[in-house]
Amino acid sequence: MEAQIKQVLKILYIQFFFFMLIPALLAVVYETNILPVGIYADDIRIRYLIESTGILVTIVCVPLVFVLFRFMQKRKIENNILPVALDRYVYLCAGRLALLEMVVILNVVASYMTLNNSSGHCVLIALIASLFCLPSKKRLYADLKLQQPDGNETKSVG
């Protein structure tokens, strides 16, 4: 059981690393002028449309990440045996980060295309929400409602 949990945590850490890496690389690409910056800064209609889309996607996706994860967790994870529960947990965590990644990438692109700060604020909201998705052994045990073994006792299943 402990080896499976370590493997799951390794996968979750890799997912979270790439979640943080992709927007950072996107910002570097924009800052080095590989992609054009401010192409819609003068067009008020397009700018309004892009900013509104970014804000609405943030308003919908950030709460959805938390609500759907708890709903799915109660329906699908708790009633399964451990290997199946761990696989579903990884899948749900990946979906959770994918929704937040969509919000972050959309708003980073919107921020650089329109040169407006409102999209940057949406990026910060999504990144702060991602801190609640930060993988840890304690959170995994709590989410799956498993009893965490003490370091002093012998490890037993059940």
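The values are calculated or read from the model by the stated rules, or taken from the named source; none is laboratory data. These figures come from a predicted structure and were not determined experimentally. We place every Cβ from the backbone using ideal geometry, glycine too, and count neighbours over all the protein chains shown.
Residues in segment 32-56 that are in a helix (DSSP H, G or I) and among the hydrophobic types (A, V, I, L, M, F, W, C): how many?
Here the count works out to 6.
Only a single criterion out of (1) surrounded by 14 or more Cβ atoms within 10 Å (Cβ to Cβ); (2) part of a helix (DSSP H, G or I) is not satisfied by Ala3, namely (1). Give the residues of segment 118-158 that are acidic (Asp, Glu) and either at pLDDT 85 or above or surrounded by fewer than 16 Cβ atoms within 10 Å (Cβ to Cβ) (or both), sorted by residue number. Listed by number, the residues that qualify are Asp150, Glu153. Which residue, of Phe69, Phe17, is of a type outside the set (Asp, Glu), under 18 Å from the mean Cα position of the chain (by Cα) and at pLDDT below 95? Of Phe69, Phe17, the one residue that is of a type outside the set (Asp, Glu), under 18 Å from the mean Cα position of the chain (by Cα) and at pLDDT below 95 is Phe69. Being of a type in the set (Gly, Ala, Ser), in contact with a Gly (Cβ under 9 Å, 6 or more places away or on another chain) and either buried (at least 16 other Cβ atoms within 10 Å of the Cβ) or not in a helix (DSSP H, G or I) (or both), is that true of even one residue in segment 97-117? Yes, that holds for at least one residue. So for segment 57-78 (the condition being among the hydrophobic types (A, V, I, L, M, F, W, C) and more than 30 Å from Ala142 (Cα to Cα)), does at least one residue qualify? No, that holds for no residue.
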